[in-house]
Amino acid sequence: MNEGLPPFAGLCSPADALRPGLSVEECVAWMKRHHYVLQRLHQICTARITAEPLYELKTAFSLHAYLCAEHASAIRKRVNELREPPLGLEVIPHRGLQFCCDEILAAPSAKELVLGLYEILVPALLDSVRDYQATTNPLADSPSIRIARFCQLELEDIDHFGRQAVVALVDDEFRAALQPWLDTLRQALSAAGGLSGRQPECGPLPSPQFSATPYVYDRVPRRDARFHDSYNAGVNPEAFLYDERFQPRDKVLMLYYKRLRELDVPEMMAGIIHETAGKPWKFYADMSRQLWDEARHSLLGEAGFRSLGLDWSQIPINFTWSLNLNTQLTPQERHAVLFFIEQGLMPRTGKRYEWEVAQASGLPLTALFQDFDWADEVLHAQLGREWYVKDFPDLKSALDYGDRCWTQVMSHWRDYRDRGLTDHRNWWPDLYRQACARWGVAPDPAAIEFSETYADTRADLKQISASG
Ligand SMILES: [Fe+2]
Ligand SMILES: [Fe+2]
């Protein structure tokens, strides 16, 4: 009767089911090393988002931080199932692993950072995760194998991006000059018995190089050359979006601008995550999910402009929201502003309105993007209630505090102009004309005249919607 049916619920062959495997204690010790490195990868990627100028790295670090947080969470849950209390998940498994992560966190520029991350740490973790699956008993330890498979899948994606990033950013001369540091990282891993701890511990710990001076988070956002004129707040897209004189199709340009401008949210949220200590792990994991969503919203804006055949880099993508918040407020105050703004997106006039405009525009891709953007923002309002509002007696006092913090932020609109950082050029008519040429339609004379700035505006739904 059983001819041809796979044994062991299809998990593995009989030979593998009889594999000696590892004890629960050995499995837990190994997985704790993966957990530690995933948490540190999450920390390193998050810490480096704000001040990293390159758009592709900023957004990839946002994704990689989120993925590493997800897999760290899965391992925490699994270790919890393995007879472990006290869990000891905050214990550093070996000084060599810590050394390696500290050095990469403190890498002086993107080149050292991508080499350390994507040529040393991520491949070492990936090897160890694969090795774990080949070593543990697949029947007895099946739940661990399951999470390791998912982890491997996404580490391979990270590794794939990372290898291309290294090729794009690092030339032979730079790599040769950095060889001693890369050897130092390898030496630290050897001293730790490999990332897995399954090899003999080999040699002493090297001396710190970049981490000899402790790393300090850089709160000042930076952008690459495609983001020229980042202080420009010469166009108020919300004013256009809510003006009934204008057509939905023309408003799509402002929607895409607003999405792309959301790059300032990861730049700001990275600081909340990195500079807030002592919260439960789930706080960091949830905030990282939201951070990645915001980076993704920015990428939706890029995709939107690409879909219209427009070069987004000609538009000044403002960054003074993250700059002002990061340099004027504490992490908790920044979180308060974020929640206040995102809560303001929930009524009909917020995300639903943007989606309705997109639906009416006749551009299905815009409607699709706004549909998901809206869904994401509903999630973010929930996360805010979980991790921000609970510190207050009620929702109203949490919102009032956010409102007060936001009022206290100085926009420096005139100051940035007077210091020659921008002339707040009205970039709208140029963009609008190009879009009309693409669409093969004549510009609406009223729309072309639009010239409302942010000079006297606090950018939120008190006036109408802004970031988030
Ligand atoms: Fe959001
Ligand atoms: Fe968003």
For ALA177, state whether it is of a type in the set (Gly, Ala, Ser) and surrounded by 15 or more Cβ atoms within 10 Å (Cβ to Cβ).
-> no
What are the residues in segment 350-377 that are within 16 Å of ligand 1 (Cβ to nearest atom) and either out of contact with any helix residue (DSSP H, G or I) (no Cβ under 9 Å at 6 or more places or on another chain) or open to solvent by less than 40 Å² (accessible area, probe 1.4 Å) (or both), if any?
-> GLY350, LYS351, GLU354, PHE369, GLN370, ASP373, ASP376, GLU377
Six or more apart or on different chains, Cβ under 7 Å: which pairs go from a residue in segment 409-433 that's within 10 Å of TYR231 (Cβ to Cβ) and in the same structural domain as GLN314 (by TED's automatic domain parsing) to one that's basic (Lys, Arg) and crowded, with 17+ Cβ neighbours inside 10 Å? Could you list them?
-> ASP423/ARG417; HIS424/ARG417
Of the numbered conditions (1) out of contact with any Pro (no Cβ under 8 Å at 6 or more places or on another chain); (2) closer than 28 Å to THR50 by Cα, ASP159 satisfies every one except a single condition; which is it?
-> (1)
Residue satisfying condition, being more than 16 Å from ligand 2 (Cβ to nearest atom) and among the acidic types (Asp, Glu), within set GLU294, GLU333, GLU302, GLU342 = GLU333
What are the residues in segment 255-283 that are under 30 Å from VAL235 (Cβ atoms) and basic (Lys, Arg), if any?
-> LYS258, ARG259, ARG261
Quick one: which of ARG306, ARG245, ARG249, ARG296 is at negative phi, touching a Gly at 6+ places or on another chain (Cβ under 8 Å) and not assigned by TED's automatic domain parsing to the domain that holds ALA60?
-> ARG249
Residues within segment 282-291 that are more than 11 Å from ligand 2 (Cβ to nearest atom) and either without any contact (Cβ under 8 Å) to a residue 24 or more places away in the chain or open to solvent by less than 40 Å² (accessible area, probe 1.4 Å) (or both), tallied = 6
Checking SER307 against (1) surrounded by fewer than 23 Cβ atoms within 10 Å (Cβ to Cβ); (2) at pLDDT below 95, the condition it does not meet = (2)
Residue tally, condition in a helix (DSSP H, G or I) and either closer than 14 Å to LEU255 by Cβ or within 16 Å of ligand 1 (Cβ to nearest atom) (or both), over segment 297-343 = 24
Restrict the check to segment 281-290 and report whether at least one residue is within 16 Å of ligand 1 (Cβ to nearest atom), in a helix (DSSP H, G or I) and either of a type in the set (Ser, Thr, Tyr) or within 30 Å of GLY440 (Cα to Cα) (or both).
-> yes
Please indicate, with yes or no, whether at least one residue in segment 162-184 is more than 26 Å from the chain's Cα centre (by Cα), in a loop (DSSP other than H, G, I, E, B), within 20 Å of LEU125 (Cβ to Cβ) and modelled with pLDDT of 95 or more.
-> no
Which ranges mark the helices (runs of 4 or more DSSP H) fully within segment 186-278 that have 2 or more residues being touching a helix residue (DSSP H, G or I) at 6+ places or on another chain (Cβ under 7 Å) and within 16 Å of ligand 1 (Cβ to nearest atom)?
-> 248-261, 264-275
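The values are calculated or read from the model by the stated rules, or taken from the named source; none is laboratory data. It should be emphasised that the depicted structure is a prediction, and the values quoted were computed from it without experimental measurement. We place every Cβ from the backbone using ideal geometry, glycine too, and count neighbours over all the protein chains shown. We work out accessible area using only protein heavy atoms, side chains counted, and drop any ligands, DNA or RNA first. Shrake-Rupley method; radii C 1.70, N 1.55, O 1.52, S 1.80 Å.
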